[in-house]
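Encoded as structure tokens, the structure appears first; notes follow it.
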Amino acid sequence: MNNFTAMYDTGLGPTEVNRYLANKLNINGMSQSAFKNREKENVRVYKKSCTNSLETSLEEEKSKSPVMEDGGSGRKYDSKSGVGTLIGNQTGKVVGRGIRSSDCRVCTFWEARNVEPYDHKCTRNWFGSVKGMEPDVGARLIEDLETKNSQVSTVIMEDDTTTIARIRRTIQHSILRN
Ligand SMILES: [Zn+2]
């Protein structure tokens, strides 16, 4: 466990960590596959704690009604992915986040070789236009919150007519934009 955490914090790869452990601490390192397994275990734990904290923040936000949601989103101009974040206006805490990505390293690698990619954890979840990413993330995040018993009355966001139009098409009740 500790070996792997060091890797994340410092940006070292398995080889460097093993060398460090052997030279400095006189400890045997882990094999590459052991590292990979630890990595999988840890990612699961990280994801879970991240989801838990989103849910806690949402509950806190809901307890301070009226609920208002702050919308923040971002997309690098040359990027193949778009990220959206929902921040509760009352608590200032992140209550939802989503990502659309048209890119996957595994798919790209094999597609370039005209080979069907093997079964993998694909990061590609967007097949539409780059412009469509942000509106989709925004609308889905709010839709998601609404399924968790919280009504979004106002969205504070940059002047993005496409996104607010998409949100209003998706959500059944009226939503103000500040
Ligand atoms: Zn893929």
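The values are calculated or read from the model by the stated rules, or taken from the named source; none is laboratory data. The structure presented is a predicted model; accordingly, all values stated were derived computationally and were not measured. Using ideal geometry, Cβ is built from the backbone for each residue, glycine included, and neighbour counts are taken over all protein chains shown.
For the reader, a short list of remarks on this structure follows.
- Exclusive hit being of a type in the set (S, T, N, Q) and either at pLDDT 75 or above or out of contact with any Asp or Glu (no Cβ under 9 Å at 6 or more places or on another chain) (or both), set 5, 10: 5
- Selection status of residue 109, surrounded by fewer than 14 Cβ atoms within 10 Å (Cβ to Cβ), over 15 Å from the mean Cα position of the chain (by Cα) and near the ligand (Cβ under 10 Å from one of its atoms): yes
- Scanning region 112-160 for residues that are surrounded by 14 or more Cβ atoms within 10 Å (Cβ to Cβ), within 10 Å of the ligand (Cβ to nearest atom) and more than 15 Å from the chain's Cα centre (by Cα) yields a single hit, 117.
- Single residue of region 88-106 satisfying the filter (free of Cβ contacts under 8 Å to residues at least 24 places away in the same chain and surrounded by fewer than 16 Cβ atoms within 10 Å (Cβ to Cβ)) that is nearest to the ligand (Cβ to nearest atom): 106
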